[in-house]
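Asker: Take this structure, written in structure tokens, and hold onto it; I'll ask about it next.
The values are calculated or read from the model by the stated rules, or taken from the named source; none is laboratory data. If you're wondering where the values come from, they're calculated on a predicted model, not measured in any experiment. Because the Cβ atoms are built from the backbone with ideal geometry, glycine has one as well, and the counts that use them run over all protein chains shown.
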């Protein structure tokens, strides 16, 4: 289940105007579809579209063999984010090339219609994303996720999944006999998660845990002394005569985290005498 690979050649390729510019939901992708091979076609169409999808695969060993579970869905329909950049006669002489600009706007959200397409009721009910309230069982639209990949394995399971986006250019040339030859180019791109304001409320919570340190070396002035056999035996048997320091460890930790937040994760440890 490999992600979409880069696929370009002289027949059709994709060049971005600013390939190093970070992309986010709502960003505009500027680029060119380029052909460097000679052609003389009276009827042709060049389309460019943005594609996005999520795929996952789980292989579980049940003792008698492997069971494979798969899931995949598109974030929008194929023609939702597309542009026709050429239509009609296409003539390119040998040694020349053709470059047509395109502009594609990255959606802010997924399309509920596309995500639910082909989903069974069981699959919709299994989704952890639910519509608010009671009523529709459809999976609702969500903020567009960023490019992501995960691979993991355990003793009896292996799973991996990813969120991917790519630009696809398509050149369709119709011959005089009514046949159409289609040439495609694909360029994977990275889209970051939606930009949000950094949070300042991390929902801090605290927990106190009691503890005790027992040692004859806690007595002032004995920190470098050698313990006698008697003292060592009292330590081994947990005698109440061994001096002890009782304390509470207070842990303050966040219950809310935000990826990409420039602030440090608020995590505090305090040792309090008890």
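Asker: Six or more apart or on different chains, Cβ under 6 Å: which pairs go from a residue in the range 192-203 that's on the phi > 0 side of the Ramachandran plot to one that's part of a loop (DSSP other than H, G, I, E, B)? Could you list them?
Answerer: Pairs that qualify, where the first residue is on the phi > 0 side of the Ramachandran plot and the partner is part of a loop (DSSP other than H, G, I, E, B), are 203/255; 203/256.
Asker: Looking at residue 33, is it within 26 Å of residue 138 (Cα to Cα), in a strand (DSSP E or B) and touching a residue at least 60 places away in the same chain (Cβ under 8 Å)? Reasoning before the result, please.
Answerer: Values: within 26 Å of residue 138 (Cα to Cα): no; in a strand (DSSP E or B): yes; touching a residue at least 60 places away in the same chain (Cβ under 8 Å): yes.
Considered against the rule, which asks whether it is within 26 Å of residue 138 (Cα to Cα), in a strand (DSSP E or B) and touching a residue at least 60 places away in the same chain (Cβ under 8 Å), residue 33 comes out as no.
Asker: Is at least one residue of the range 146-161 outside any strand (DSSP E or B), under 30 Å from residue 29 (Cα atoms), modelled with pLDDT under 90 and within 24 Å of the chain's Cα centre (by Cα)?
Answerer: So far as the range 146-161 goes, no, none of its residues is outside any strand (DSSP E or B), under 30 Å from residue 29 (Cα atoms), modelled with pLDDT under 90 and within 24 Å of the chain's Cα centre (by Cα).
Asker: Another question about this same structure. Can you tell me which condition residue 61 does not meet? The list is (1) over 21 Å from residue 4 (Cα atoms); (2) in contact (Cβ under 8 Å) with a residue 60 or more places away in the chain; (3) in contact with a helix residue (DSSP H, G or I) (Cβ under 7 Å, 6 or more places away or on another chain), and all the others hold.
Answerer: (3)
Asker: So, in the range 79-101, how many residues would count as being closer than 21 Å to residue 145 by Cα and assigned to a strand (DSSP E or B)?
Answerer: Matching residues across the range 79-101 total 1.
Asker: On the given criteria, is residue 150 in contact with a strand residue (DSSP E or B) (Cβ under 9 Å, 6 or more places away or on another chain) and loosely packed, with under 13 Cβ neighbours inside 10 Å? Explain how you work it out, then say what you get.
Answerer: Numbers: in contact with a strand residue (DSSP E or B) (Cβ under 9 Å, 6 or more places away or on another chain): yes; loosely packed, with under 13 Cβ neighbours inside 10 Å: yes.
It is true that residue 150 is in contact with a strand residue (DSSP E or B) (Cβ under 9 Å, 6 or more places away or on another chain) and loosely packed, with under 13 Cβ neighbours inside 10 Å.
Rundown of residues vs (1) over 22 Å from the mean Cα position of the chain (by Cα); (2) farther than 25 Å from residue 18 by Cα, yes/no style:
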position: 36; (1), (2): yes, no
position: 39; (1), (2): yes, yes
position: 48; (1), (2): yes, no
position: 61; (1), (2): yes, yes
position: 70; (1), (2): no, yes
position: 78; (1), (2): no, no
position: 82; (1), (2): yes, no
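Asker: Still on this model: Residue 172 - would you say it is modelled with pLDDT of 90 or more, part of a strand (DSSP E or B) and within 30 Å of the chain's Cα centre (by Cα)?
Answerer: Here the answer is no, as residue 172 does not meet what is asked.
Asker: Tell me whether the range 117-137 contains one or more residues that are modelled with pLDDT of 90 or more and outside any loop (DSSP other than H, G, I, E, B). Before you say what the answer is, go through the steps one by one.
Answerer: As a first pass, look at the range 117-137 and keep what is modelled with pLDDT of 90 or more: none.
The answer is no; no qualifying residue exists.
Asker: Can you find a residue that is modelled with pLDDT of 90 or more and over 30 Å from residue 274 (Cα atoms) anywhere in the range 138-145? Break it down into steps so the answer makes sense when it comes.
Answerer: Quick first cut of the range 138-145, residues modelled with pLDDT of 90 or more only: 144-145.
Of the ones still in play, those that are also over 30 Å from residue 274 (Cα atoms) are 144-145.
Scanning the range 138-145, I find at least one residue that is modelled with pLDDT of 90 or more and over 30 Å from residue 274 (Cα atoms), so the answer is yes.
Asker: Please find, within the range 87-110, the residue that is surrounded by the fewest Cβ atoms within 10 Å (Cβ to Cβ) out of those that are farther than 14 Å from residue 31 by Cβ and under 34 Å from the mean Cα position of the chain (by Cα).
Answerer: Applying the filter and picking the extreme gives 108.
Asker: Can you tell me which residue in the range 221-242 is modelled with the highest pLDDT, limited to those that are surrounded by 13 or more Cβ atoms within 10 Å (Cβ to Cβ) and under 30 Å from residue 269 (Cα atoms)?
Answerer: The residue in question is 242.
Asker: Mind counting the residues in the range 43-78 that are touching a strand residue (DSSP E or B) at 6+ places or on another chain (Cβ under 7 Å) and not in a strand (DSSP E or B)?
Answerer: 3
Asker: Can you say whether residue 104 is farther than 26 Å from residue 41 by Cα and in a strand (DSSP E or B), as far as the supplied structure shows?
Answerer: Yes; evaluated as a whole, the condition is true for this residue.
Asker: Which of (1) loosely packed, with under 15 Cβ neighbours inside 10 Å; (2) under 20 Å from residue 164 (Cβ atoms) does residue 31 not meet, given it meets every other one?
Answerer: If we test residue 31 against (1) loosely packed, with under 15 Cβ neighbours inside 10 Å; (2) under 20 Å from residue 164 (Cβ atoms), just (1) comes out false.
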